[in-house]
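To start, the structure itself, in C-alpha cells.
The values are calculated or read from the model by the stated rules, or taken from the named source; none is laboratory data. Keep in mind the model is a prediction, meaning the values are calculated, not measured. Cβ sites come from the backbone with ideal geometry, for glycine too, and all protein chains shown count toward neighbours. Side chains are part of the model used for accessible areas, which takes the heavy atoms of the whole protein and leaves out ligands, DNA and RNA. Shrake-Rupley method; radii C 1.70, N 1.55, O 1.52, S 1.80 Å.
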Amino acid sequence: MSVKTWLSNLGAPLRDYVESIGYGARAFANLLSVSPGLLKRPRLVVEQLHFIGNYSMLIITLSGLFVGMVLGLQGYTTLNKYGAEQSLGVLVALGLTRELGPVITALLFAGRAGTSLTAEIGLMKAGEQLSAMEMMAVNPIQRVLAPRFWAGVLAVPLLASVFSAVGVLGGWLVGVQLIGVDDGAFWSQMQASVDIWNDIYNGFIKSVVFGIAITFIALYQGYEAQPTPEDVARATTRTVVISSLTIWWLDFMMTALMFSK
C-alpha cells in the first residue's frame, strides 16, 4: 500500500466526520432560526410535551424510586463504618441532584423518547409526509421538528426533578423506615448541606443541556435517515449510542467546570 493510498484511507473517515459535524451545526442553527414562529402556535409544543414527557413519567418515577432506595442502602452501609449514618440524607440528596438525577433521566429519556422521535421522523420521511409539506409550502422543520425539539428541552429538566424528588423519598424509606436512621437528622442535615445554587441549580443546568443534546440528536438522526425501514432502524440505534456517549462526555465536562472549585 502506497503512502498516498494510506493517507487517503486515513483522511476519508476524518473528512466525513468533519462534514457530519458541519451538517449538524447547520441543521441546529436552522432549527433555532425557525423556532420563534412557535410563539404563534404554542399548542404544538404542549402536545409534544405531553407525548414526550407524560409517557416517560412512569419509567422515570419507578427508576428514581429504586435508585434512591439502592443509594440509601449502599450509603448507609458505607457511612455506618465511620459512624456517620446520620448524614445519609445528605449523601442521597447530593448524589441525586448533582449526578444521578440528570444523568439517569437523560439516559432513560434517550432510550424511551429519543428512539421514538427518531423512528417517528424517519417513518414520516419514508412515507413522504415531509416532502408533501414542502410541496404545500409548509416548512417541515418549523412544523414538525421544532415543536418536538423544544418539548424535549422542557421535558428533561422536569423529569429530572421528578426523578430526584422520588429518589430522595426512596432513600428516606430505606434509611428511616427500614433501617432506622433518625428522621429529624435525615431531613435537617439534608436541608443544611444541600445548596440551591451549587447543587440543585447546577443539576438543573445539566438536565437542560442533556435535553438539548438528546432531542436534537434524535431529530437529526431521523431527519437524515434514508427513507427505508432498514436505515430508519439503524438511525434509531445510532440515536441511543450517540446520545449515551454524548451524555457521559457532557456530564464530565460540566462536572469539571461546576464542581472544580
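Per residue and in cubic angstrom, what volume does the convex hull of the Cα atoms of region 18-152 have?
Working: hull volume 20.2 nm³, N = 135.
Normalising the Cα hull of region 18-152 by residue number yields 149 Å³.
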In vacuo Debye sum over C-alpha of region 43-259, base-10 log of normalised intensity I(q)/I(0) at q = 0.11, 0.13, 0.15, 0.18 Å⁻¹, listed in q order, is -0.58, -0.74, -0.91, -1.15
Full-extension gain between residue 20 and residue 34, please, as 0.36 nm times their residue separation minus the C-alpha to C-alpha distance.
2.9 nm
Accessible area per residue of region 214-261 at 1.4 Å probe, in Å²?
57
Considering the alpha-carbon set of region 88-204 alone, what are its Rg and its Dmax in angstrom?
20.5, 67
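Can you send over the carbon and sulfur percentage of the accessible area for region 43-259, probe radius 1.4 Å, protein chains only?
67
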Helix hunt in the chain: which complete DSSP H runs extend at least 30 Å axially by C-alpha with mean Kyte-Doolittle at least -1.0?
3-34, 57-80, 146-172, 202-224, 229-258
Accessible-area value, residue 234, 1.4 Å probe, nucleic acids and ligands omitted, Å²:
130
Can you find, among 190, 24, 161, the residue sitting farthest towards the positive end of the charge dipole of the chain, where Lys and Arg contribute +1 and Asp and Glu -1 at Cβ?
24
